[in-house]
Amino acid sequence: MPAAEGALEVWTDGACSGNPGPGGWAWATRDGRQDSGGEAGTTNQRMEIRAALEAVRALDGPLVVVSDSTYVVNCFRDGWWKGWLARGWTTSARKPVVSRDLWEPLITLVNERGDVSFRWVKGHSGDEMNDLVDALAVEQSRAVA
């Protein structure tokens, strides 16, 4: 899905110490808006999804969610969610979709809004905003440990 004209970019990231273990999520925009949080017993993938969900919930108008999670980005870029819904929230391997409790509201919001797109960024590659949300997510994972 191409980005809407004038879309705000929001970087998202999740972190986890152990998998499962204490985790953190974060999002931030170049204009200084940001949020983060953590959970005591979670997984890295859950925190990646949660970061995107919290950003989409918090920010109005057209968005580009920039994530280093191929899981999050590919779900929307490749339309995985369409198959999940068609199969009653099961994967192509007929297994239940993991983290449905986070995926379902994220997919619903993205579809209702129609102005959210996703872009992948390589993690730990010197992208200033990706490094910021990584640090915020790690800080939250340590705070709940």
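The values are calculated or read from the model by the stated rules, or taken from the named source; none is laboratory data. Just so we're clear, the structure is a prediction, and the values are computed from it rather than from any experiment. Here the Cβ is made from the backbone with ideal geometry for all residues, glycine too, and neighbour counts use every protein chain on show.
Of the residues making up the stretch 14-52, those that are in contact with a helix residue (DSSP H, G or I) (Cβ under 9 Å, 6 or more places away or on another chain), among the small types (Gly, Ala, Ser) and either over 16 Å from Asp101 (Cβ atoms) or outside any helix (DSSP H, G or I) (or both) are Gly14, Ala15, Ser17, Gly21, Gly23, Gly24, Ala26, Ala28, Ser36, Gly37, Gly38. In the stretch 67-77, is there at least one residue being out of contact with any Ser or Thr (no Cβ under 8 Å at 6 or more places or on another chain), modelled with pLDDT of 95 or more, among the hydrophobic types (A, V, I, L, M, F, W, C) and surrounded by 15 or more Cβ atoms within 10 Å (Cβ to Cβ)? Yes, the stretch 67-77 contains a residue that is out of contact with any Ser or Thr (no Cβ under 8 Å at 6 or more places or on another chain), modelled with pLDDT of 95 or more, among the hydrophobic types (A, V, I, L, M, F, W, C) and surrounded by 15 or more Cβ atoms within 10 Å (Cβ to Cβ). Annotation note: of Ser17, Ser36, Ser117, Ser69, the sole residue that is closer than 19 Å to Val133 by Cα and touching a Pro at 6+ places or on another chain (Cβ under 7 Å) is Ser117. Restricting the first member to the stretch 124-145 and to residues that are more than 25 Å from Gly41 (Cβ to Cβ), and the second to residues that are at pLDDT below 95 and small (Gly, Ala, Ser), the beta-carbon pairs closer than 8 Å and six or more apart or on different chains are Asn130/Gly123.
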